[in-house]
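Values quoted throughout were computed directly from the atomic coordinates according to the rules given, and no laboratory measurement underlies them. Model, not experiment: these values are computed from the prediction. Positions of Cβ are generated from backbone atoms using ideal geometry, with glycine treated the same way; all protein chains shown enter the neighbour counts.
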Amino acid sequence: MIHAQSVFRGPAFRGMLAIGAWMALCTVAQAVSPLSTRGNQVLVGGEPGSVAGASLFWSNSGWGQERFYNAQAVAWLKADWKAGLVRAAMGVDAAGGYLADATNRQRVVTVVEAAIANDMYVIIDWHSHHAERHRDQAVAFFQDMARTYGRHDNVIYEIYNEPLEVSWHDTLKPYAEAVIAAIRAIDPDNLIVVGTPHWSQDVDVAAADPITGYANIAYSLHFYAGTHGQPLRDKAQAALDKGLPLFVTEWGAVNADGDGAVAERETAAWIAFLKAHRISAANWSISDKAEGAAALVPGARATGGWSAAELTASGARARAIVRDWSDAHESHGPTRRWRTSAIAAGPAPSIARDGR
Ligand code: MG
């Protein structure tokens, strides 16, 4: 029998302490706080909070916007937009999508790894309008992602971007349950976001018949401020009132068709709604397509470093919103990274940048 005191005083124990501290620092320094759900809230590090950022455009090969799936663009969103979130919108069944061209998976991997390196959350989005037609492929893809990235708190699985006008109960819920079961068999905890009927607007329908038996499930709400106003906020409120946690994996300041001018007043109303309910949000989209929703002007460089002149009106508005996000997750419960920074390197940078 070893005398406990001798162990705790010995050099081996001191060595273990040092190694342990070093490992804790490494683990913590690269981490974001885990996301979970409680009632109608998505929690950040176990406390109410929200994060904001941007979605990349469809990743499809040959569409021209896949060039933004690179580490430098992600790092720029963190550094300049102060984004806490980026979304990899992996095209699936449309031309040039994942089912025809597995290169799309590598684009997602590039973005996920850049997000992890930059302490951002990252949404792995199965960007389809017909995902129920390819359920087995979705299951296999998310099993792969869960095995590869499920240990990283950064990762959010979005298993169906925007269903069309199909039945929640008969079609979407069974699809979601199959994909969720597959993910949860591998990754017990990372947040999963479920698409809702009618382009991820009918959250009230999902709220009447939610998925049960799994933790950390949130539901997609998509809005385009040029088209959707108070009636859609009323649906969102109804879903919240029934206890449904919402996540805006995609929103636009323009029309629902992706074009048009920034709807200033309605965008402001939406952002106030999101902040009041601590709903996280990703703006659509980081692209230079010639349409209103594109954040970048045609020809903008792929690797970030975008000047004010390279941002569209929508891009400038989205950037300002993301930079000005209330940082609820920081003020109400600093991520482990901030805590570590505060201990290891003095005051954490720019936590109170917006003075709130
Ligand atoms: Mg996990």
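Let me know the shape class of the stretch 51-340, please: from the alpha-carbon gyration tensor, a ≥ b ≥ c as square roots of the eigenvalues, rounded when a/c is under 1.5, otherwise prolate if a/b is greater than b/c, or oblate. Rounded, since a/c falls under 1.5.
As a rough footprinting exposure proxy, the listed residues E162, E113 were ranked by other beta carbons within 10 Å of their own, and the order from fewest upward is E113, E162. Name all residues of the stretch 42-61 having a backbone nitrogen under 20 Å from the label point set 7 Å from the Cα of D241 along its Cα→Cβ direction, giving them as ranges. Backbone N within reach: 42. Distance between the C-alpha centres of the stretch 38-62 and the stretch 91-166: 14 Å, rounded to the whole angstrom. Between V262, P231, L246, the Cα set farthest toward the positive side of the dipole of the stretch 219-282 (charges on each charged residue's Cβ, about the Cα centre) is that of L246. Counting Lys +1, Arg +1, Asp -1, Glu -1, what net charge surrounds W284 among other residues with beta carbon under 14 Å of its beta carbon? Overall, the nearby charge balance is -4.
Return the distance in nm (one decimal) between the two label points of a simple spin-label model at Y214 and Q106, each offset 7 Å from Cα along Cα→Cβ. About 3.0 nm separates the two model spin labels.
Using a Förster distance of 30 Å, how high is the FRET efficiency between H129 and A276, based on the Cβ-Cβ distance and rounded to 0.05? Step by step, r from the Cβ atoms, then E = 0.50. With K and R counted +1 and D and E -1, the other residues having a Cβ less than 13 Å from that of G299 yield a net charge of +1.
Ordering 210-217, 255-262 by mean Cβ neighbour count within 10 Å, with the highest value first, yields 255-262, 210-217. In terms of distances greater than 25 angstrom between alpha carbons, the cross-link table entries K78/K235; K235/K275; K82/K173; K82/K242 yield K78/K235; K82/K173; K82/K242. Is the C-alpha gyration tensor of the stretch 58-162 telling us rounded, prolate or oblate? Criteria: a/c under 1.5 is rounded; beyond that, a/b larger than b/c is prolate, otherwise oblate. Verdict is oblate for the stretch 58-162. Each other residue within a Cβ distance under 12 Å of H222 adds +1 if Lys or Arg and -1 if Asp or Glu, for a net charge of -3. Taking the charge dipole of the stretch 51-340 about its Cα centre, with +1 at Lys and Arg Cβ atoms and -1 at Asp and Glu Cβ atoms, the residue from S287, A95, T212 reaching farthest to the positive side is S287.
In plain terms, the residue of Y149, Y98 with the fewest other Cβ atoms within 10 Å comes first and the most crowded comes last, giving Y149, Y98.
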